[in-house]
1. When the residues of segment 90-109 are narrowed to those that are closer than 10 Å to Ser30 by Cβ and at pLDDT 90 or above, which ends up surrounded by the most Cβ atoms within 10 Å (Cβ to Cβ)?
2. With respect to Phe81, is the statement that it is over 14 Å from Asp106 (Cβ atoms), out of contact with any strand residue (DSSP E or B) (no Cβ under 9 Å at 6 or more places or on another chain) and modelled with pLDDT of 95 or more true?
3. Suppose we filter segment 70-80 for residues that are part of a helix (DSSP H, G or I) and surrounded by fewer than 17 Cβ atoms within 10 Å (Cβ to Cβ); how many remain?
Amino acid sequence: MHLFDKLRTLSDRSYLILAIFWTIFTIYLSLISAREASKFDIWDIVGIDKLGHFAFYTIFSFLWCMGLARRQTDKKNILFFSVSFGVFMEICQLYLFNGRSFELFDILANIMGSFVGVILFKIFIN
C-alpha cells in the first residue's frame, strides 16, 4: 500500500487531532524565546527559516482541510484561518519581547505555504 493510500484511510477525526497538535506545535515554535530557538542548529543556514515557515503552514492548512473535509467547510475559510494565524503569530513575536522579531518575509512564506496546503488537499482528494 502506498503512502498516499494509507493517508487516505485515516479518518477525519484523526486528521483533526493531528491538526490541533500541529497548531499547538506551531504556536510553541513561533513563540519560544530567541535563545531557545537558537538551539536548533538548522536555522543557522541563511533563509532556511523561510522554508520552515513555508513547510509548517503547508502542513497546517493541509491537515485542517483534511480534518474538516466531510463537514463541507469552505476551503477559503480554512485558507483565511491559516493566513490569519500566521500573521497573528508574527505580530505576537513583535510584541511579546521574547527576542524574536517580526518579519514580512516570514508572513509571505506562511501565506504561500497556506495556499500550497489547500492546493495539495484538492489534488489529494481527487
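1. Asp106
2. Working: over 14 Å from Asp106 (Cβ atoms): yes; out of contact with any strand residue (DSSP E or B) (no Cβ under 9 Å at 6 or more places or on another chain): yes; modelled with pLDDT of 95 or more: yes.
When the stated conditions are applied, Phe81 passes them.
3. Of all residues in segment 70-80, those part of a helix (DSSP H, G or I) come to 70-71, 75-80.
From what's left, surrounded by fewer than 17 Cβ atoms within 10 Å (Cβ to Cβ): 70-71, 76-77, 80.
Number of matching residues: 5.
The values are calculated or read from the model by the stated rules, or taken from the named source; none is laboratory data. The model shown is predicted, which means the values in this text are computed figures rather than measured ones. Methodologically, a virtual Cβ is constructed for each residue, glycine included, from the backbone with ideal geometry; neighbour enumeration extends over all protein chains shown.
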